[in-house]
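Student: The structure follows.
The values are calculated or read from the model by the stated rules, or taken from the named source; none is laboratory data. Nothing here was measured: the structure is a model prediction, and the numbers come from that model. Cβ placement follows ideal geometry from the backbone for every residue including glycine, while neighbour counts extend to all protein chains displayed. These accessible areas exclude ligands, DNA and RNA; they are computed on the full protein's heavy atoms, side chains included. Shrake-Rupley method; radii C 1.70, N 1.55, O 1.52, S 1.80 Å.
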Amino acid sequence: MSTPLMEVADLAVHYPTRHGAARALDGVSLEWRRGEILGVVGESGCGKSTLARAMLGLVPAAAGTVATDGAEVSGRAALRALRRNVHLIFQDPYQTLNPRRRVGDIVAEALVVGEVPRAEHAARVERALDEVGMAPARFIGRYLGRIVEQGDARDVIERPGHPYTQELFDAVPPRKRRKPLGGKLPDAADIPSGCRFHPRCPKRFEPCDREDPPLFPAGEPAHRAACLLLGP
């Protein structure tokens, strides 16, 4: 068999408490190879996030090893190399994006981790924003977020229910939006009444400026979107 793409052997993470060590992870071993998708399933608090953090060295391991392509990840240089290729995507967006940070700083963080020369950051951040239809002059110093759609990935991608989601997918290369998304991004200190997307929404109608929509069913049972067009 081929060498595992990533392998975890007897990984343990212990947190000190007044009553001794709390074993957040207690000898976890797993591996997977190229072309495979590995799912780790368990109830809240069972250690899934701790496992992911320990694999990237974000929390110290009490025991065990992590290896990629047969080479053990040990030392700062190896961890930096691993983090350039392996990333965490948190379920909670507030663990991923800090609402107190500016869009430009968030986009540039990947360049910092990737050790891209700082002199290149400004141009590369502007290019990245421009490629997805976010005019750098308007967005680079802003941040503002809310969940407007959720569901199974395939269902959301193939049948987006919220106009904002539709606009996002239209911005993904090589697809091109017919025309740039108009309007002005709301100020986090002066959020508009009703649906906060309504000033820029091509499908807005009369109630949108006064009713803040909850997540309505948008097809499949787990697929929901915060749009009044889907409401009762």
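Student: Conditions first: (1) surrounded by 14 or more Cβ atoms within 10 Å (Cβ to Cβ); (2) farther than 24 Å from Tyr143 by Cβ; (3) modelled with pLDDT under 90. Gly64 passes all but one, so which condition is the exception?
Tutor: Every listed condition holds for Gly64 apart from (3).
Student: Residues to consider are Gly133, Gly145; find the one that is on the phi > 0 side of the Ramachandran plot, at pLDDT below 80 and open to solvent by less than 70 Å² (accessible area, probe 1.4 Å).
Tutor: Working: Gly145 fails: on the phi > 0 side of the Ramachandran plot.
It is Gly133.
Student: Okay, next question. Open to solvent by less than 70 Å² (accessible area, probe 1.4 Å) and among the basic types (Lys, Arg): which single residue out of Arg33, Arg23, Arg18, Arg53 fits that description?
Tutor: Working: Arg23 fails: open to solvent by less than 70 Å² (accessible area, probe 1.4 Å); Arg18 fails: open to solvent by less than 70 Å² (accessible area, probe 1.4 Å); Arg53 fails: open to solvent by less than 70 Å² (accessible area, probe 1.4 Å).
Among Arg33, Arg23, Arg18, Arg53, only Arg33 is open to solvent by less than 70 Å² (accessible area, probe 1.4 Å) and among the basic types (Lys, Arg).
Student: Now a separate question. Just give me the residues in region 206-232 being at pLDDT 90 or above, open to solvent by 90 Å² or more (accessible area, probe 1.4 Å) and farther than 11 Å from Gly151 by Cα, in sequence order.
Tutor: Arg210, Leu229
Student: Report, by residue number, each residue of region 67-77 that is open to solvent by 30 Å² or more (accessible area, probe 1.4 Å) and among the small types (Gly, Ala, Ser).
Tutor: Gly70, Ala71, Ser74, Gly75, Ala77
Okay, residues lined up against (1) at pLDDT below 80; (2) hydrophobic (A, V, I, L, M, F, W, C); (3) assigned to a helix (DSSP H, G or I):
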site	(1), (2), (3)
Val8	no, yes, no
Val13	no, yes, no
Leu25	no, yes, no
Ser29	no, no, no
Gly39	no, no, no
Val112	no, yes, yes
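Student: Return the residue satisfying two criteria in turn: it lies in region 1-15 and is of a type in the set (Val, Ile, Thr) and open to solvent by less than 30 Å² (accessible area, probe 1.4 Å), and of such residues it is nearest to Met55 (Cα to Cα). Show your work before the answer.
Tutor: So the first thing to find is which residues in region 1-15 are of a type in the set (Val, Ile, Thr), and the list is 3, 8, 13.
From what is left, the residues that are open to solvent by less than 30 Å² (accessible area, probe 1.4 Å) are 8, 13.
On the way: Val8: 8, Val13: 11 Å.
Filtering region 1-15 for residues that are of a type in the set (Val, Ile, Thr) and open to solvent by less than 30 Å² (accessible area, probe 1.4 Å), the one nearest to Met55 (Cα to Cα) comes out as Val8.
Student: Here's another thing I want to ask about it. Return the total of residues in region 42-76 being part of a loop (DSSP other than H, G, I, E, B), within 20 Å of Pro4 (Cβ to Cβ) and among the β-branched types (Val, Ile, Thr).
Tutor: 1
Student: May I pose another question? Using the structure shown, decide if Gly194 is among the small types (Gly, Ala, Ser), over 23 Å from the mean Cα position of the chain (by Cα) and either open to solvent by less than 80 Å² (accessible area, probe 1.4 Å) or at pLDDT 80 or above (or both). Before the answer, list the steps.
Tutor: Values: among the small types (Gly, Ala, Ser): yes; over 23 Å from the mean Cα position of the chain (by Cα): yes; either open to solvent by less than 80 Å² (accessible area, probe 1.4 Å) or at pLDDT 80 or above (or both): yes.
Yes: the conditions hold for Gly194.
Student: Suppose the filter is in contact with a helix residue (DSSP H, G or I) (Cβ under 6 Å, 6 or more places away or on another chain), on the phi > 0 side of the Ramachandran plot and either of a type outside the set (Phe, Trp, Tyr) or modelled with pLDDT of 85 or more (or both); does Gly35 pass it? So that I can check it myself, show each step before the final result.
Tutor: Values: in contact with a helix residue (DSSP H, G or I) (Cβ under 6 Å, 6 or more places away or on another chain): no; on the phi > 0 side of the Ramachandran plot: yes; either of a type outside the set (Phe, Trp, Tyr) or modelled with pLDDT of 85 or more (or both): yes.
Against the criterion (in contact with a helix residue (DSSP H, G or I) (Cβ under 6 Å, 6 or more places away or on another chain), on the phi > 0 side of the Ramachandran plot and either of a type outside the set (Phe, Trp, Tyr) or modelled with pLDDT of 85 or more (or both)), Gly35 does not qualify.
Student: Continuing with this model, one more query. Being touching a strand residue (DSSP E or B) at 6+ places or on another chain (Cβ under 7 Å) and within 23 Å of Asn85 (Cα to Cα) narrows it down to one residue among Ala62, Ala21, Ala9, Ala52; which is it?
Tutor: Values: Ala62 fails: within 23 Å of Asn85 (Cα to Cα); Ala21 fails: within 23 Å of Asn85 (Cα to Cα); Ala52 fails: touching a strand residue (DSSP E or B) at 6+ places or on another chain (Cβ under 7 Å).
Result: Ala9 is the single residue among Ala62, Ala21, Ala9, Ala52 that is touching a strand residue (DSSP E or B) at 6+ places or on another chain (Cβ under 7 Å) and within 23 Å of Asn85 (Cα to Cα).
Student: OK, next. Go through the residues of region 81-100 one by one and say whether even a single one is more than 27 Å from Tyr15 (Cα to Cα), assigned to a loop (DSSP other than H, G, I, E, B), open to solvent by less than 70 Å² (accessible area, probe 1.4 Å) and at pLDDT 80 or above.
Tutor: Keep residues of region 81-100 that are more than 27 Å from Tyr15 (Cα to Cα), which gives 84-85, 99-100.
Still in the running and assigned to a loop (DSSP other than H, G, I, E, B): 99-100.
Keeping just the survivors that are open to solvent by less than 70 Å² (accessible area, probe 1.4 Å) gives 99.
From what's left, at pLDDT 80 or above: none.
Looking for residues that are more than 27 Å from Tyr15 (Cα to Cα), assigned to a loop (DSSP other than H, G, I, E, B), open to solvent by less than 70 Å² (accessible area, probe 1.4 Å) and at pLDDT 80 or above, one finds none in region 81-100, hence no.
Student: Which condition does Arg118 not pass, out of (1) within 30 Å of Pro221 (Cα to Cα); (2) out of contact with any His (no Cβ under 8 Å at 6 or more places or on another chain); (3) basic (Lys, Arg); (4) at pLDDT 80 or above, if it passes all the others?
Tutor: It fails just one condition, (1).
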